[in-house]
Structure formats: structure tokens, C-alpha cells
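One structure is given below, encoded as C-alpha cells.
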Amino acid sequence: MANQNLRENDEPLLIADDLSKSFGKIIACQDVSFKLYPGEILAIVGESGSGKSTLLQILSGQQSSGQGRVSYRMRDGVTRDLSTLGEAERRFLFRTDWGYVHQDPAQGLRMAVSAGANVGERLMAVGWNHYGRIRAAASSWLERVEIDVARIDDTPRTYSGGMRQRLQIARNLVTQPRLVFMDEPTGGLDVSVQARLLDVLRNLVRELHLAVVIVTHDLAVARLLSDRLLVMKGGQVIETGLTDQVLDDPAEHYTQLLVSSILSP
Amino acid sequence: MSVMIDVTNAQKTFTMHLQSGIELPVVRGVNFQVDAGECVVLSGPSGAGKSSILKMIFANYRCGGGRVDIRHQGTLIDIATAEPRQILNVRRSTIGYVSQFLRAVPRVATIDVVAEPLIANGVTRAEANDRAGRALHRLNIAERFWQLPPATFSGGEQQRVNIARGFISDLPILLLDEPTASLDAANRAVVVGLIAGTKRKGTAIVAIVHDDEVRRQIADRIIDVTGFTAAA
């Protein structure tokens, strides 16, 4: 199986070319370029205001870049410039091949409908119409993210923060996307809940061979989940490399400061 | 004999930006080769740069200069200049590294920690668990602990879990950073046995070992790294 996918894996999935964006005088990001390959997990780290979230929005086509280009290899194997996609194509991509996990689950979920419907909705959007099968798929996904299936008919309003975040992940992964964007997915959670979420995420991204771009300010999260790091400061990428290399042998002044500022118990 | 590791004029200097940018030279002019089936032990006092050399071979530390060629699937790759995804490939199928301390992930069971490198290489869950169980047995970790995360284990137990994980994949190159440091005599003997068995299969090993007895038992060659130590 590994060999079968070899050629497929040799082509980048997402390509960022010289992305720049500013809001008036404020530079949100400047000359950001990288390639993301299938199954690769890239973490973008840096302090608040360093441009991480703006970059994530540009990469996922939710904001236009002032300059530069984002390209994505579609399921048919053709790599396309995202800005040339029509609105319908872009929406389809978002519903099927991509996931987006928000820091606040309320932004990524529909809070007034049941957990089962939250997961099933994405399936219906790609043409599933058999109620029994949708419900079975939703149940199996709740199990995979460690949510008691007995809670399938409850709305996420009745869920704890950690459960909501795991539900948001199930909702995103049910259509078997190839690429998932995550914006501080562990951000609002307390530490014990974080560990469970990270463990669930870590297993799922490997099993499903997902490519992930994850924005986080938590270097421990980056170390646990990611293969590669982009360190941002003032909108620029100041250091990149293998995650353990950047964290254990940071080269830049700012990266050394970040690494040395971690509190360990 | 095929050369598995070929280090040529490698060097490492840390620049400490937070200490007004002072340069901390660690090693320079590092030159040595390791053949398949050979165990090379790096020796020298603390701070001489033994661990740094090991980390450069694993690409955990960047090289400040020179080359570190690794035989990966039949061809030599300079890991000092390789792309991150190439390095990850090399780590998955060529180089194993047993660090001094286990970096445990919260909540992950001991058996899964040990089986993980096999799963990453496409071995089935059942076979991986079976092999992980045998490795843990051999290192005297009782079965009742296998489903627990190793974070709560003693230092010596954690190190044995780390060793089980490091030896499980039968990779062609193995780097060992003080694998026996926190072990009792019985478990030291197990590790010496593991190293001997791995060598017979043709694995190239680079080790750091402080225990003279263990060193004598495993080393085919001893390289004194003080010759590479950069003058501060």
C-alpha cells in the first residue's frame, strides 16, 4: 500500500507562493512560501499578532492575499490556483476535501441541532441520503472521537468544551478530507481535556493520512502533532525545519526566546 | 563491508542569542565511518560533544558544516542538507535513536508506545502488538503494566520501554545514548544481548556508554571524541 501511494505522495498537495498581505500599515504576512505534502503535518507557531491566523485564512481561501498565490492539488490530480476557482467549486472543496477546525467549537458547529445531525450534515452535503446509513456513520464517528453514542441526539449546547471540540473534529473528518486546517484547536481547553483531544487527533491524522496545517502558540502541541514547523514573527517566517530540530536546536533569536520561555512542570 | 554512516568534517557551534550572541563551539572536524554490523562507541568526558554528534547523525541538531552521509535504501544521503520529509523517511526506515529519556505522550499505553514505529512502517496492529509484547517481556516489563502509560513508571522502567521501542524495528542504523545508564545488572545484560543480536543482523550502531563493562562487551571500535572537541 505504501508503494502504491508513493507517486501520489511525491506531489505537493498545497503550495503557498510568496504570500503577502497587509491591513493598512500593518503587515499581516510577508513573502510566505512553503509546500505541504500529503499526510504531512505543518505547525505554524509564533506569538499573538504574528500573522498566524491571517495566514491560515489566506491558505484556506477565506481571505484573499494581497500578493502571491495558493495552489491546491484537486482530487482529479490537477493543481489549481485557488483564486481561479469559482464560488461553487470553492464551497465544494470546503465541504468535501477540506476541514477547518476553529478554536471556538461554536463557530464550527451548529449549536441548535443534534450532534448526530452535525456530523450527518456534511455527509448529506456530498450526496448521502439514506437516513440509517448517515446515522450509523455519525455514531461510528462519535465513537472514534470518544463521545458516548447515547448522546447522539443531544445538541452540542449540552456538551462540555472538550466534547464540543471533539464533535467539531468528527464533523470535519466524516467526509474523509485530505487537508484539515486547525486554528488553535486546544486553545480554550483545560490541560487534562487537551491531552485527550491531542491523543484523539494524533491517532486520527495518522490513520487517515491527513495533511494538516495547524496554528498554535503552544509548542508542546506542535511537538506532539507536527512533522514540521514554521516560526512566525511580525508576519514573516523567520525559521522553518523539522519540528524536533527547530525546538531542540533553534537558530534564530526569537525562536530561542520562545523555546526558553516554556514552563515545564 | 558497506559503509552505513560516513561523517566528513562535520562541525557544530551553538549561537546563544539570549546570551548576547556568544558562540559556543561544540565539535569540529568530525570524521569517522561506521560499517554495517559494527558497533562504534563514542568516548570522552561530559561536555566533549558525544551526544551532539549522535544528534547530528539523527538530524535532531543541524550541522554547522561538513557532511553526514547515511546509507538509506541503498544510496547515500547527506542528512545535514536533506529536506525535512527526506529526513522523516530516513528516520522511519533507516535510523533508530534511543534517547536518554523517554518522551512519553500522555494517555498512550506502554504497548502502543513500543508498537508505534512498526505501525508507522505498515505492520498490522496484531503483529505489532505481538512483537511489542515480546520486546517488553524480554526487558522484564510485566504484562500488567502494558496498558498503562509509561509516564508513571520509574526511570529504569521508562528507559526499558524506550529501549524496547528503539530495538523493535530492526532498522539498519541504531543510535544509542546511554541506554544502560539507569538499569540494574540483569537488565544491562539484556541490553548487551539485544545489541549483540542486532549487530549480527548487520545493524550499524553508534553508542554512548559510560559503564566500562558494557562498553567492553559491545564495542568493536572506540572513538575518542576529545579529538573533535572544539576549543572554546
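Structure data summary
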read-out: Any hit, the range A:248-263, residues being in a strand (DSSP E or B) and either touching a helix residue (DSSP H, G or I) at 6+ places or on another chain (Cβ under 8 Å) or within 28 Å of B:Arg92 (Cα to Cα) (or both); value: no
read-out: Test: residue in the range A:113-120 that is touching a residue at least 24 places away in the same chain (Cβ under 8 Å), out of contact with any Asp or Glu (no Cβ under 6 Å at 6 or more places or on another chain) and open to solvent by 30 Å² or more (accessible area, probe 1.4 Å); value: yes
read-out: Among (1) β-branched (Val, Ile, Thr); (2) within 25 Å of A:Thr54 (Cβ to Cβ); (3) assigned by TED's automatic domain parsing to the domain that holds A:Arg110, the one test that A:Val145 misses; value: (2)
read-out: Spans of strands (runs of 3 or more DSSP E) in the range A:1-99 with at least 3 residues in contact with a Gly (Cβ under 6 Å, 6 or more places away or on another chain) and touching a residue at least 24 places away in the same chain (Cβ under 8 Å); value: A:14-23, A:26-36
read-out: First in the range B:146-164 and in contact (Cβ under 8 Å) with a residue 40 or more places away in the chain, second anywhere and part of a helix (DSSP H, G or I) and among the small types (Gly, Ala, Ser), Cβ under 9 Å, 6 or more apart; value: B:Gln158/B:Ala151; B:Ile163/B:Ala135; B:Ala164/B:Ala132; B:Ala164/B:Ala135
read-out: Count - residues of the range A:220-252 that are over 21 Å from the mean Cα position of the chain (by Cα) and more than 11 Å from chain B (Cβ to nearest Cβ); value: 2
read-out: Search result, residues across the range A:203-249 that are touching a residue at least 60 places away in the same chain (Cβ under 8 Å), small (Gly, Ala, Ser) and open to solvent by 10 Å² or more (accessible area, probe 1.4 Å); value: A:Ser226, A:Gly234
read-out: Total residues in the range B:212-232, condition open to solvent by less than 50 Å² (accessible area, probe 1.4 Å) and over 24 Å from B:Ala189 (Cα atoms); value: 4
read-out: Within the range B:59-91, considering residues that are in contact (Cβ under 8 Å) with a residue 60 or more places away in the chain and open to solvent by less than 30 Å² (accessible area, probe 1.4 Å), the one nearest to the other protein chains (Cβ to nearest Cβ); value: B:Val68
read-out: Some residue of the range A:30-45 being at pLDDT below 90 and touching a strand residue (DSSP E or B) at 6+ places or on another chain (Cβ under 7 Å); value: no
read-out: Per-region count, the range A:23-71, residues under 14 Å from the mean Cα position of the chain (by Cα), under 17 Å from A:Asp227 (Cα atoms) and small (Gly, Ala, Ser); value: 2
read-out: Count of residues meeting criterion [in a loop (DSSP other than H, G, I, E, B) and not basic (Lys, Arg)] in the range B:25-74; value: 17
read-out: Matching option when the condition is at pLDDT 95 or above, within 30 Å of A:Val200 (Cβ to Cβ) and either of a type in the set (Val, Ile, Thr) or not assigned by TED's automatic domain parsing to the domain that holds B:Arg200 (or both), among B:Val68, B:Val108, B:Val114; value: B:Val114
read-out: Qualifying residues in the range B:11-35 (those that are open to solvent by less than 60 Å² (accessible area, probe 1.4 Å) and more than 14 Å from chain A (Cβ to nearest Cβ)) - the one modelled with the lowest pLDDT; value: B:Pro25
read-out: Residues of the range B:132-164 satisfying the condition of being part of a loop (DSSP other than H, G, I, E, B) and hydroxyl-bearing (Ser, Thr, Tyr); value: B:Ser154
read-out: Selection count where residues are touching a helix residue (DSSP H, G or I) at 6+ places or on another chain (Cβ under 8 Å), open to solvent by 30 Å² or more (accessible area, probe 1.4 Å), part of a loop (DSSP other than H, G, I, E, B) and within 20 Å of B:Phe145 (Cβ to Cβ), scope the range B:92-131; value: 4
read-out: Residues (of a type outside the set (S, T, N, Q) and within 26 Å of B:Gln33 (Cβ to Cβ)) located in the range B:145-176; value: B:Ile163, B:Gly166, B:Phe167, B:Asp170, B:Leu171, B:Pro172, B:Ile173, B:Leu174, B:Leu175, B:Leu176
read-out: Checking A:His209 against (1) touching a helix residue (DSSP H, G or I) at 6+ places or on another chain (Cβ under 6 Å); (2) more than 18 Å from A:Ala28 (Cα to Cα); (3) away from chain B (no Cβ under 11 Å), the condition it does not meet; value: (1)
read-out: Test: A:Thr255 is farther than 19 Å from B:Val105 by Cα, open to solvent by 10 Å² or more (accessible area, probe 1.4 Å) and within 11 Å of chain B (Cβ to nearest Cβ); value: no
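One line per residue, one yes/no per condition, for (1) open to solvent by 20 Å² or more (accessible area, probe 1.4 Å); (2) within 14 Å of chain B (Cβ to nearest Cβ); (3) assigned to a helix (DSSP H, G or I):
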| residue | (1), (2), (3) |
| --- | --- |
| A:Gly162 | no, yes, yes |
| A:Gln165 | no, no, yes |
| A:Ile169 | no, no, yes |
| A:Pro177 | no, no, no |
| A:Phe181 | no, no, no |
| A:Gly187 | yes, no, no |
| A:Arg196 | yes, yes, yes |
| A:Leu201 | no, yes, yes |
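The values are calculated or read from the model by the stated rules, or taken from the named source; none is laboratory data. Since we're looking at a predicted model, the values are computed, not measured. Ideal geometry is used to build each Cβ from the backbone, glycine not excepted, and the neighbour counts take in all protein chains shown. Each accessible area value is taken on the protein alone, full model and side chains, heavy atoms only, with ligands, DNA and RNA left out. Shrake-Rupley method; radii C 1.70, N 1.55, O 1.52, S 1.80 Å.
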